[in-house]
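I have placed the structure first, in the form of structure tokens, so that the comments after it can refer back to it.
Coordinate-derived values only; no laboratory data. A quick note: this is a predicted structure, and the numbers were derived from the prediction, not measured. Here the Cβ positions follow ideal geometry from the backbone for every residue, glycine too, while neighbour counts run over all protein chains shown.
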Amino acid sequence: MKKVTVSTLFKRKAAGEKLVMCTAYDAIQSRICMAAGIDFMLVGDSVGMTQLGYDNTLPVTMQDMLAHTAAVRRGAPEAFIVFDMPFMSYQESDADAMHNAGIALKTTGADAVKLEGGAEYAPLVKKMTGAGIPVMGHIGLMPQRVQVAGGYKVVGRDEAGAEMVLRDALALQEAGAFAIVLECIPEALGEKVTQALDIPTIGIGSGKSCSGQVQVITDLLGMMDFKPRHAKRYAEVGSIMTEALKSYADEVRNGSFPTAENSFQ
Ligand code: KIV
């Protein structure tokens, strides 16, 4: 399969094709995403909740992200993979941010990094893109700021909030971001921002007018109890796994597994 690049994403957007992005956290998931025709993958810091058992994304470290992203790359050598910069890997100083983004690209094989933040991060995004690091922005609901926001809330319902989202999107585009995640903003604002930008918008809970959509793989597959409104469950993989493991446990206990077929003479 041909390697997907930033220019592939631009071409698809220009051709009016919706872009499909999904999170992946390990080699098996990335292989399955590729087989399913997902355009590009995000190794999200949502790994904190979906794989590592944390309540939010804040405890996720660079080490966590490096290990998971390298695994995703091993499962999908041709995929376009975005490395999500974890909390406090880019906020403290630009030097830190450049160092960490460089390590991410050099050691995991990721194609780009993503960071949460608007106009206040435009100078950093400019520095990164100037150094050859493709950057995806992330505005609207920013989970790394959950403590400050006082929860996970829709952003941009009022005029001032909507103006700020638009201003942030334009500043990130101007700074050289190749795409922007719009998380949980009203549908009409998602449309307005998408129309105002040349670069693709990738929505999550921001309506169908975005250039593409991103979803968390465990939400799509029904692997956790958590059911966010912005996601649709396309399968109940969690229940399927539970049932399969119950059958295994029953069969070991009642002696019907292993059979002669599973044994060596
Ligand atoms: O970490 C993540 O999965 C994300 C998506 C929700 C966009 O940032």
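Things worth noting here:
- Max mean-square fluctuation residue, GNM over the chain, Cα-Cα springs under 10 Å, options ALA171, ALA67, ALA35: ALA35
- Ordering ILE180, ILE199 by the number of other Cβ atoms within 10 Å of each residue's own Cβ, fewest first, gives ILE199, ILE180.
- Taking the DSSP bridge list for the range 52-177 and keeping only pairs wholly inside it, about 10 percent are antiparallel.
- In a DSSP loop and with at most 13 other Cβ atoms within 10 Å, the trypsin sites (Lys or Arg not before Pro) in the range 150-190 are LYS153, ARG157.
- Isotropically averaged projected area of the range 14-71, using the convex hull of Cα atoms (one quarter of hull area), nm²: 4.8 nm²
- Using C-alpha pairs below 8 Å separated by at least 6 residues, the relative contact order for the chain is 15 percent.
- Fraction of beta bridges assigned by DSSP in the chain that are antiparallel (%, nearest 5): 5 percent
- Residue-wise HN-Hα couplings along the range 235-249, as the Karplus relation 6.51 cos²θ - 1.76 cosθ + 1.60 with θ = phi - 60° gives them from phi, are 7, 10, 5, x, 5, 4, 5, 4, 4, 4, 6, 5, 4, 4, 4 Hz; Gly and Pro carry x.
- The range 154-245 shape via C-alpha gyration tensor axes, a/c threshold 1.5: prolate
- Per principal axis, descending, Cα span of the chain in whole Å: 68, 39, 38
- Long pairs among LYS2/LYS208; LYS2/LYS227; LYS13/LYS208; LYS11/LYS232; LYS13/LYS106; LYS2/LYS106, criterion Cα-Cα beyond 24 Å: LYS2/LYS208; LYS2/LYS227; LYS11/LYS232; LYS13/LYS106
- Neighbourhood charge, 12 Å Cβ-Cβ cut-off, centred on LEU105 and excluding it, Lys, Arg +1 and Asp, Glu -1: +1
- Ranked list, fewest to most other Cβ atoms within 10 Å of each Cβ, for PHE178, PHE264: PHE264, PHE178
- Computed [θ] at 222 nm, helices only, for the chain once each DSSP H run of length n ≥ 4 contributes -39500 (n - 2.57): -12500 deg cm²/dmol
- For LYS126, a cut-off of 16 angstrom between C-alpha atoms picks up these lysines, skipping any fewer than 8 places away in its own chain: LYS114.
- GluC sites (Glu not before Pro) within the range 62-142, DSSP loop, no more than 15 other Cβ atoms inside 10 Å: GLU78, GLU92
- Cα gyration tensor category, rounded, prolate or oblate, for the range 44-162 with a/c compared to 1.5: oblate
- GNM remark for the chain: springs join alpha carbons under 10 Å apart, and the peak mean-square fluctuation among LYS106, LYS13, LYS208 falls on LYS106.
- Average Cα contact separation per residue, the range 88-207, under 8 Å, 6 or more apart, as relative contact order %: 23 percent
- Against the main long axis of the alpha-carbon atoms of the chain, helix 94-108 sits at an angle near 40°.
- Panel order for HIS99, HIS138, by other beta carbons found within 10 Å of each beta carbon, from fewest to most: HIS99, HIS138.
- Here the range 219-265 and the range 11-55 have alpha carbon centers that stand 23 Å from each other.
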